[in-house]
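*Asks:* Encoded as structure tokens, here's the structure I'll be asking about.
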Amino acid sequence: MTEMLDIAGLSVSYGGAQAVDNVSLTVPGGRVVALLGANGAGKSSLLRAVIGLQAAVVDRLAIDGRDLAALPPERRAAAGLGYVPEGRRVFAGLTVRENIEVAIDGAAGPRAARVADMLALFPDLAAKAGERAWRLSGGQQQMLAIARALARRPRALLLDEPSLGLAPQVAAAVFSRLRGIADDGIAVLLAEQNAARALAIADEAVVLAHGRVALSGDAKQMSADDDALMALLA
Amino acid sequence: MSAVPAPFAVFMRGPAPLLIAALAAVAWIAVVGDSYALRLATLAATQALLVLGYQLVFGHAGALSLAQGALFGLGAYVAALLSLHAPWGVSLTLPAAALSAMLVAALVGAIVLRLETHYFALATLAVAQLIHLAAVNWEMLTGGANGLPGVPALSLAGMTITRGGPMLLLAWSLFAIAAWIVARVMAGLTGLALDLAREHPPAAQSVGIDVAGLRFTAFVAGAGLAGLAGGLHAHVVGVVSPDVTDMPVMVGCLIATVIGGRRAVIGAALGAILLTHAPEWFRFLENRHLIAFGALALAMVIVAPDGLADLLATVRRRLWPLPERTSGAVLAPPAGVARRSVALRVEHVGKAFGGVRALDDVTMVLAPGEAVGVIGPNGSGKTTLLNVITGILPAEQGEVRLGTESLRRRPAFTIARLGVARTFQHAELSAATSVLDAVATAAFARSPRPPRDVAGAEARHWLLRVGVADSAALRCGALPAGRRRLVEVARAFMARPRILVLDEPGAGLSRAERIELARRLRILRGSGTTVLVVDHDIDFLAACVDRLICLERGRIIADGPIETVRRDPHVRQAYFGRDDAAAEP
């Protein structure tokens, strides 16, 4: 098992406040690591720092052994890092199909196949493939943001609250798909408020509190050990 | 950081040092300056008035008008014509110059202010060109390309204000008065309302702010200052030619606004002084002096991208730090203000986007004080329903009634003033505004409008009740998504609603935080507020509503007690899918 995504000694501070404080974690290929924590614990800041949208101090940040720390976000993405931002950042003026296509490099043939693959994952989107993204409902835009990240076939995938605004049926489909892509060998780092749902598909869990790792371990044991976890998430 | 005595820091951070510096500069020029220096410093004041006006239009209202320069020229012509031809002459030229520019702006604004950004810019450019063409071609009135020479000095109440020292003092005094008025207005809730209206118009309307009216007022007031500046310019220079209506005036105004700062009044003075004086510093370069000025302007924008005023504020904050205010007065709203509970009726409402029926014959009634939850698959029309109720989208069929009042064809801000407050799926808060100010903004539409500190004290009350008081001093942009939604809930309560409409308030919150929010919502609506909540978390809804409605493809497929809807086979199939775990208690 390769250590696909490797983060060591990562810190983020806003002004004087330490949002992420010396966090280290690794996500091996084929594994889902759930990143849990109360609101403001530092989950989003950590993910934004990993993809490079947030300035951070870091000892080591590597994907598949390749150092990312000095690269700008687009080069990190090109190196195989996928990111689903919190808050539905889709290209409003492009159609659903175009939103997915822009994320894929390469020849038109394989591209069409991959778009079709994504539309099969989200039947709601398939029905609206030709619509401009601003016409989608909030939940549909969230699906599109996930589809766009998946379409790149990243080697490591960061997701910031993917279940936000999704109906239970769709959230369940998305999470089972996440399990599926991890099983294909991709490293998945999943920040999520819905702890039960995230733990159900995760192999490991890391709980942040005030920017530090407060608890980490096997996801299955953690779901059983509810009290300690709930205290940290409150 | 060394310990600075607090009173000294307070003094240095206040307006006094700036005023002393400004007075010293004016006095120094008046005493030792030659006539050219006096004239230049006086022209800087007219430029500062022009920029102050443009800050209202561009900085505060966010409208990229390209007519500000032409309105300045209009004021110059009006002042020149009156002082040359009208018998009652030179005392009234300045008010007339300001009023004529306001009149033209009101006519133009009524038509073009509803246009989107770049179309608005083009429309105002066309107006500017019309004014310029009139100045060049209407020779009988304007003297054509030769202009109007021999504009006399200004006289006030029979006293002539000669060019030189007296004119310098008058020009900067006028700027000081105008800047003081603008700064006072912007320090109140109006400044906050403009910030929200500029950055998040739907959110501004949702707390009763008349966005279009506010933009119009700022546009006309900005034009008044442009006209005043133009009139003053005519008297200072003594001759008016079509140059005063031409594009370079507008470009100069834009440069000075960007270099000085878009919103702080001190920025108008700094930008104007730099624009009028800097080219003089490079005169020794002869033909190349404008290139040098261009390089300087570019350097300024790179060093201080938010303007010199912002740079100055940052330096003063660093040099004389003041302890951050973490707490303050808390004021509960007076007991008498709770408005009577009211019913909300949605009757046969329909709405389509292109060929898709987002809402199809939706009928529902919320009894006074009742709390109802709405669930449904993604894209089933939940947010559209909230947008139709709050007036952000017009319904194509049917009717929404608040009590006996029809909301049909009412603008969103008037619906908000009737007592409908809402939150948004993706929290709409100005990133640079503090949490406390963001909530206080909702008091802007109240009549009478409370002072900002009173509104702030009540805002602190609602932040406490919603459970985010510890974030009061933070910028909204620094908050995690879940907390931003809670700030919106507090802002909605600040609007003292009769109907509270919440779009996924629990999204982004942990389970424990959602349970806490549901508990607090139950307490808060105890006063009789009717509540409509969209959310996907059925446990959250069960904890804060009395009844559940399920939408699918724009139609209501279930409506009733929570358990009944939760067990409805149609709902289970459409909404929960095979994920039965989520449906079980």
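*Asks:* Got at least one residue in segment B:331-351 being in a helix (DSSP H, G or I) and either over 28 Å from the mean Cα position of the chain (by Cα) or within 14 Å of another protein chain (Cβ to nearest Cβ) (or both)?
*Replies:* Within segment B:331-351, the first condition is being in a helix (DSSP H, G or I), and the residues that meet it are B:335-337.
Pick out the ones that are also either over 28 Å from the mean Cα position of the chain (by Cα) or within 14 Å of another protein chain (Cβ to nearest Cβ) (or both) and you get B:335-336.
Checking segment B:331-351: at least one residue is in a helix (DSSP H, G or I) and either over 28 Å from the mean Cα position of the chain (by Cα) or within 14 Å of another protein chain (Cβ to nearest Cβ) (or both).
*Asks:* Report, by residue number, each residue of segment A:116-133 that is over 22 Å from the mean Cα position of the chain (by Cα) and in a loop (DSSP other than H, G, I, E, B). Break it down stepwise before answering.
*Replies:* Quick first cut of segment A:116-133, residues over 22 Å from the mean Cα position of the chain (by Cα) only: A:126-132.
Across segment A:116-133, the qualifying residues are A:Ala127, A:Lys128, A:Ala129, A:Gly130, A:Glu131.
*Asks:* Filter segment A:167-193 down to the residues that are more than 14 Å from the chain's Cα centre (by Cα) and not in a helix (DSSP H, G or I), then identify the one that is nearest to B:Ile515 (Cα to Cα).
*Replies:* Looking at the filtered set, the residue picked out is A:Ala167.
*Asks:* Give me the helices (runs of 4 or more DSSP H) completely within segment B:355-450, filtered to those with at least 1 residues that are among the acidic types (Asp, Glu), ordered by residue number.
*Replies:* Numbers: elements: B:382-389, B:412-417, B:435-440.
Of the helices (runs of 4 or more DSSP H) lying wholly inside segment B:355-450, those with at least 1 residues that are among the acidic types (Asp, Glu) span B:435-440.
*Asks:* Quick one: in segment B:163-212, of everything that is in a loop (DSSP other than H, G, I, E, B) and charged (D, E, K, R), which residue is nearest to B:Val57 (Cα to Cα)? Can you show your working first?
*Replies:* We begin by selecting, within segment B:163-212, every residue in a loop (DSSP other than H, G, I, E, B); these are B:163-164, B:188, B:200, B:207-210.
This time we only want the ones that are charged (D, E, K, R), so: B:163, B:210.
Working: B:Arg163: 31, B:Asp210: 16 Å.
Among those that are in a loop (DSSP other than H, G, I, E, B) and charged (D, E, K, R), it is B:Asp210.
*Asks:* Among the candidates B:Ala128, B:Ala61, single out the residue that is touching a Leu at 6+ places or on another chain (Cβ under 7 Å) and over 19 Å from B:Thr245 (Cα atoms). Show your work before the answer.
*Replies:* On the way: B:Ala128 fails: over 19 Å from B:Thr245 (Cα atoms).
Answer to the selection: B:Ala61.
*Asks:* For segment A:17-115, which strands (runs of 3 or more DSSP E) that fit wholly inside it have 3 or more residues that are of a type in the set (A, V, I, L, M)? It would help to see each step written out before you state the result.
*Replies:* On the way: elements: A:17-27, A:32-37, A:60-63, A:81-84.
In segment A:17-115, A:17-27, A:32-37, A:60-63 are the strands (runs of 3 or more DSSP E) which contain 3 or more residues that are of a type in the set (A, V, I, L, M).
*Asks:* So, one more: Going by what's in this entry, would A:Gly165 be described as at pLDDT 85 or above and either within 14 Å of chain B (Cβ to nearest Cβ) or surrounded by fewer than 24 Cβ atoms within 10 Å (Cβ to Cβ) (or both)? Quick ask: steps written out before the conclusion?
*Replies:* Values: at pLDDT 85 or above: no; either within 14 Å of chain B (Cβ to nearest Cβ) or surrounded by fewer than 24 Cβ atoms within 10 Å (Cβ to Cβ) (or both): yes.
Answer is no for this residue.
*Asks:* Are any residues in segment B:376-391 within 14 Å of another protein chain (Cβ to nearest Cβ) and of a type in the set (Gly, Ala, Ser), and if so, which ones?
*Replies:* B:Gly376, B:Gly379, B:Ser380, B:Gly381
*Asks:* Filter segment B:121-142 down to the residues that are touching a residue at least 24 places away in the same chain (Cβ under 8 Å) and over 38 Å from the mean Cα position of the chain (by Cα) and list them by number.
*Replies:* The answer is B:Leu141, and nothing else.
*Asks:* So which residues in segment A:94-134 are modelled with pLDDT of 85 or more and within 14 Å of chain B (Cβ to nearest Cβ)?
*Replies:* A:Thr95, A:Val96, A:Leu125, A:Ala126, A:Ala127, A:Lys128, A:Ala129, A:Gly130, A:Glu131, A:Arg132, A:Ala133, A:Trp134
*Asks:* Moving to a separate point now. Here are some residues: B:Ala507, B:Ala512. Which one is buried (at least 18 other Cβ atoms within 10 Å of the Cβ), out of contact with any strand residue (DSSP E or B) (no Cβ under 9 Å at 6 or more places or on another chain) and not hydroxyl-bearing (Ser, Thr, Tyr)?
*Replies:* Working: B:Ala512 fails: buried (at least 18 other Cβ atoms within 10 Å of the Cβ).
Sole residue among the options that is buried (at least 18 other Cβ atoms within 10 Å of the Cβ), out of contact with any strand residue (DSSP E or B) (no Cβ under 9 Å at 6 or more places or on another chain) and not hydroxyl-bearing (Ser, Thr, Tyr): B:Ala507.
*Asks:* While we're here: Of all residues in segment A:73-98 being in contact (Cβ under 8 Å) with a residue 12 or more places away in the chain and more than 18 Å from the chain's Cα centre (by Cα), which is surrounded by the most Cβ atoms within 10 Å (Cβ to Cβ)?
*Replies:* Filtering first and then ranking leaves A:Val96.
*Asks:* Quick one: which residue in B:Val301, B:Val349, B:Val258, B:Val342 is in contact with a Pro (Cβ under 7 Å, 6 or more places away or on another chain) and touching a residue at least 12 places away in the same chain (Cβ under 8 Å)?
*Replies:* Values: B:Val301 fails: in contact with a Pro (Cβ under 7 Å, 6 or more places away or on another chain); B:Val349 fails: in contact with a Pro (Cβ under 7 Å, 6 or more places away or on another chain); B:Val258 fails: in contact with a Pro (Cβ under 7 Å, 6 or more places away or on another chain).
The match here is B:Val342.
*Asks:* Answer yes or no as to whether A:Ser137 is hydroxyl-bearing (Ser, Thr, Tyr), within 11 Å of chain B (Cβ to nearest Cβ) and closer than 24 Å to A:Leu81 by Cα.
*Replies:* The answer is no for A:Ser137.
*Asks:* Which one of B:Val258, B:Val251 is more than 22 Å from B:Leu38 (Cβ to Cβ) and surrounded by fewer than 20 Cβ atoms within 10 Å (Cβ to Cβ)?
*Replies:* Details: B:Val258 fails: surrounded by fewer than 20 Cβ atoms within 10 Å (Cβ to Cβ).
The match here is B:Val251.
*Asks:* Another question, then. Which of the helices (runs of 4 or more DSSP H) contained wholly in segment B:221-320 include at least 1 residues that are of a type in the set (Asp, Glu)?
*Replies:* B:265-281, B:308-319
*Asks:* Would you mind finding the one in B:Gly398, B:Gly369, B:Gly373 that is under 23 Å from B:Leu548 (Cβ atoms), within 14 Å of chain A (Cβ to nearest Cβ) and either over 29 Å from the mean Cα position of the chain (by Cα) or not small (Gly, Ala, Ser) (or both)?
*Replies:* Details: B:Gly398 fails: within 14 Å of chain A (Cβ to nearest Cβ); B:Gly369 fails: within 14 Å of chain A (Cβ to nearest Cβ).
Selected residue: B:Gly373, the only one of B:Gly398, B:Gly369, B:Gly373 that is under 23 Å from B:Leu548 (Cβ atoms), within 14 Å of chain A (Cβ to nearest Cβ) and either over 29 Å from the mean Cα position of the chain (by Cα) or not small (Gly, Ala, Ser) (or both).
*Asks:* Right, another one. In the list B:Ala440, B:Ala495, which residue meets the criterion of being among the small types (Gly, Ala, Ser), at pLDDT below 95, touching a Gly at 6+ places or on another chain (Cβ under 7 Å) and under 22 Å from B:Thr529 (Cα atoms)?
*Replies:* Details: B:Ala440 fails: at pLDDT below 95.
That would be B:Ala495, the only listed residue that is among the small types (Gly, Ala, Ser), at pLDDT below 95, touching a Gly at 6+ places or on another chain (Cβ under 7 Å) and under 22 Å from B:Thr529 (Cα atoms).
*Asks:* A follow-up question, please. Against the conditions (1) crowded, with 18+ Cβ neighbours inside 10 Å; (2) of a type in the set (A, V, I, L, M); (3) in contact with a Phe, Trp or Tyr (Cβ under 9 Å, 6 or more places away or on another chain); (4) away from chain B (no Cβ under 14 Å), where does A:Ala151 fall short? Just the number, please.
*Replies:* Against the list (1) crowded, with 18+ Cβ neighbours inside 10 Å; (2) of a type in the set (A, V, I, L, M); (3) in contact with a Phe, Trp or Tyr (Cβ under 9 Å, 6 or more places away or on another chain); (4) away from chain B (no Cβ under 14 Å), A:Ala151 comes up short only on (3).
*Asks:* Continuing with the same structure: Taking the condition of being more than 25 Å from B:Thr384 (Cα to Cα) and of a type outside the set (A, V, I, L, M, F, W, C), how many residues in segment B:409-440 meet it?
*Replies:* The number of residues fulfilling the criteria is 3.
*Asks:* Can you name the residue in segment A:201-232 that is of a type in the set (D, E, K, R) and within 14 Å of another protein chain (Cβ to nearest Cβ) and, of all such residues, is nearest to the chain's Cα centre (by Cα)? Can you show your working first?
*Replies:* At the first step, the residues of segment A:201-232 found to be of a type in the set (D, E, K, R) are A:203-204, A:212, A:218, A:220, A:225-227.
Those left that are additionally within 14 Å of another protein chain (Cβ to nearest Cβ): A:226-227.
On the way: A:Asp226: 24, A:Asp227: 26 Å.
This residue is A:Asp226.
*Asks:* As an exercise: evaluate B:Ala79 against (1) part of a helix (DSSP H, G or I); (2) under 24 Å from B:Leu274 (Cβ atoms); (3) of a type in the set (Gly, Ala, Ser) and give the number of the one condition it does not meet.
*Replies:* (2)
*Asks:* Are there helices (runs of 4 or more DSSP H) fully within segment B:469-585 with at least 1 residues that are more than 14 Å from chain A (Cβ to nearest Cβ) and in contact with a helix residue (DSSP H, G or I) (Cβ under 7 Å, 6 or more places away or on another chain)? List them.
*Replies:* Ranges flagged: B:481-494, B:511-524, B:538-544, B:562-567.
*Asks:* Could you please give the count of residues in segment A:171-191 that are closer than 24 Å to A:Leu233 by Cα and facing chain B (nearest Cβ under 10 Å)?
*Replies:* Going through segment A:171-191 one residue at a time, the tally reaches 4.
*Asks:* Moving to a separate point now. Does A:Gly42 satisfy the criteria of being surrounded by 14 or more Cβ atoms within 10 Å (Cβ to Cβ) and more than 14 Å from chain B (Cβ to nearest Cβ)?
*Replies:* no
*Asks:* When you go through (1) in contact with a Phe, Trp or Tyr (Cβ under 6 Å, 6 or more places away or on another chain); (2) charged (D, E, K, R); (3) at pLDDT 90 or above one by one for B:Arg555, which number turns out not to apply?
*Replies:* Here B:Arg555 meets the rest and fails (1).
*Asks:* Looking only at segment A:92-108, how many residues end up being among the hydrophobic types (A, V, I, L, M, F, W, C) and farther than 15 Å from A:Lys128 by Cα? Show your work before the answer.
*Replies:* Keep residues of segment A:92-108 that are among the hydrophobic types (A, V, I, L, M, F, W, C), which gives A:92, A:94, A:96, A:100, A:102-104, A:107-108.
Add one more test, that the residue is farther than 15 Å from A:Lys128 by Cα, and what stays is A:102-104, A:107-108.
Here the count works out to 5.
The values are calculated or read from the model by the stated rules, or taken from the named source; none is laboratory data. What you are looking at is a predicted structure, and each value in this text was computed from that prediction instead of being measured. Note that we place each Cβ from the backbone using ideal geometry, even for glycine, and neighbour counts take in every protein chain shown.
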